[in-house]
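Rule-based calculations on the coordinates, nothing more; no lab input. Quick caveat: nothing in here was measured; it's all calculated off a predicted structure. A quick note on method: Cβ atoms are made from the backbone with ideal geometry, for glycine too, and the neighbour counts reach across all protein chains shown.
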Amino acid sequence: TARALGYSPASLAPCRIMPVRWTRYNPSYLEPEVKKESHQKPLEELTEEEREQMELKAVRPIKAAPPSLSSSVFSDPMISKFTNMMMKSGNKVLARSLMSQTLEAIKRKQLEKYHKAPENEKETIECNPYVIFHQALKNCQPIIGLSNITRGGKTYQVPVPLTDNRKRFLAMKWLITECRENKHRRTLMPEKLSQELLLAFNNEGPVIKRKHVLHKMAEANRAYAHFRWW
Amino acid sequence: MAAPAYPAWVTRWVSGQWRNKKRPPTLRPPRTLALADKVANRREQSTEATCITEMSVMMACWKQNDFNDAPCAEEIRTFYDCVAKAEKERKNQNEDTLSSRGNLPSSKVNKLLKRFPQITRYV
């Protein structure tokens, strides 16, 4: 049928140049493996499952790698996800440059602190912006969330465990909204973001406060935890 | 004294509704007297909430330490373990077998009944 081929019916889209939204790979297609280390491993080191996986890849077709997936050492999936969330109206160039300027700003600030610090404290100062970014995100992730459950006509806020994806998403979303809304008109995004990331790295700042507020509300509503059914 | 309550047949007899053999219809079923091929949609009895004890332990720890995560790392770890285990349990449980209360969900029952429908007419 037309739907299986991935083409839209002619009545809906008379002149379509862009790829169709509903194109979907056959379930037999496998994900591409991008990391160089996994391809350079000698045969003896592979475990049983990895050998089976290799044999499967020899017979099955493989999906095309999306342009955002790269095998470079500098690419980081969390950073890419954050950049995508910062992007507005598809302006990936701008979002990516903002991200790199943020990382540069973090590095500059940390180096300044490093050179001013006395000898014994120099080791405690973290200069790697990627480490700071990851640790800050980890500190911002909420542990428990609230969900609306209706019982007997009334909606209650019930504390609920969150999945990893949801935690990551909430942390990134809070960071970005905080940086977009609560800044001075003249401060630029990299400046403000680097500030927020450094604060979150030290477990301070408005994003951490927002996480604590969520935790407090969950703690206050812990009596309703039995309304959950999963 | 209020009007005495007579049984229904007495009022009918007195009113003359059943003279002239005007009896009520013996039987007029609105639908065929056969079992339908579906059951009513019943709200499944829900399972209990999981990991409540770990959550309350973690929250007690939070209250003591002013909601910092560093001192409560152990409790948070146990909570995450419990959540992961419960998630795996949920994924592994098979809904085709009977649930814990011994009932199949109504959707599964309807699917089975549709495969083996009631024969209403013979050819």
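What shape does the stretch B:49-91 have by the C-alpha gyration tensor, where a ≥ b ≥ c are the square roots of the eigenvalues, rounded means a/c under 1.5, and otherwise prolate means a/b greater than b/c and oblate the rest? The shape class here is prolate.
With springs connecting C-alpha atoms under 10 Å apart, model chain A as a Gaussian network and identify which of A:LYS35, A:LYS167, A:LYS192 has the largest mean-square fluctuation. Top of the fluctuation ranking is A:LYS35.
Highest average first, the peptides A:201-209, A:74-82 ordered by how many other beta carbon atoms sit within 10 Å of their residues are A:201-209, A:74-82. Only Cα pairs under 8 Å and 6+ residues apart enter the sum, and on that basis the relative contact order of chain A stands at 17 percent. Between the helical axis of B:52-64 and the longest alpha-carbon principal axis of chain B there is an angle of about 50 degrees. For the peptide A:112-124, the mean number of other protein chain Cβ atoms found within 10 angstrom of a residue's Cβ is 0. Legend: helices of chain A (whole DSSP H runs) are marked when their alpha-carbon atoms reach 24 angstrom or more along the helix axis and their mean Kyte-Doolittle hydropathy is at least -1.0; marked are A:92-116, A:164-181.
For chain B, modelled as a GNM whose springs connect Cα atoms under 10 angstrom apart, the maximal fluctuation among B:ARG19, B:ARG43, B:ARG28 occurs at B:ARG19.
Each Lys or Arg adds one and each Asp or Glu subtracts one; over the other residues with Cβ under 15 Å from the Cβ of A:ILE106, this totals -1.
Mean-square fluctuations from a GNM of chain A, with a 10 angstrom spring cutoff on Cα atoms, peak among A:PRO129, A:PRO142, A:PRO67 at A:PRO67. Let me check I've understood the local charge: for A:HIS184, count other residues with C-beta under 10 angstrom from its C-beta, Lys and Arg +1, Asp and Glu -1. What total comes out? That works out to +3.
Shape class for the stretch A:41-159: oblate, because the ratio a/c of the largest to smallest gyration tensor axis (alpha-carbon atoms, square roots of eigenvalues) is 1.5 or more and b/c is at least a/b. Modelled this way, with points 7 Å down the Cα-to-C-beta line, the labels at A:ARG180 and A:GLU37 are 3.6 nm from one another.
For an R0 of 35 angstrom, estimate the FRET efficiency from the Cβ-Cβ distance between A:SER28 and A:SER72 and round to the nearest 0.05.
Working: r = 29 Å, r/R0 = 0.83.
The value I calculate is 0.75.
Look at the stretch A:137-144: the mean tally of other chain Cβ atoms within 10 Å of its residues' Cβ atoms is 3. Counting only DSSP beta bridges with both residues in chain A, the antiparallel share comes to about 90 percent. Here's the picture: a label point sits 7 Å out from the Cα of B:ARG23 along the beta-carbon direction, and within the stretch B:2-16 the residues with their amide nitrogen under 18 Å of it are B:9-10, B:12-14, B:16.
Can you give the FRET efficiency to the nearest 0.05 for A:ARG21 and A:ILE125, using r as the Cβ-Cβ distance and R₀ = 41 Å?
Numbers: r = 48 Å, r/R0 = 1.17.
Between A:ARG21 and A:ILE125 the formula returns 0.30.
The helix-based estimate of mean residue ellipticity at 222 nm for the protein assembly as shown, built from -39,500 (n - 2.57) per DSSP H run of four or more residues and divided by its residue count, is -15000 deg cm²/dmol to the nearest 500.
Shielding of peptide B:51-57 by partners, expressed as the average count of other chain Cβ atoms within 10 Å per residue Cβ, is 3.
Bridging of A:LYS211 to aspartates and glutamates at a Cα separation below 20 Å is possible for A:ASP164, A:GLU178, A:GLU181, A:GLU196, A:GLU219, B:GLU54, B:ASP66, B:ASP69, B:GLU74, B:GLU75, once same-chain residues fewer than 8 apart are set aside.
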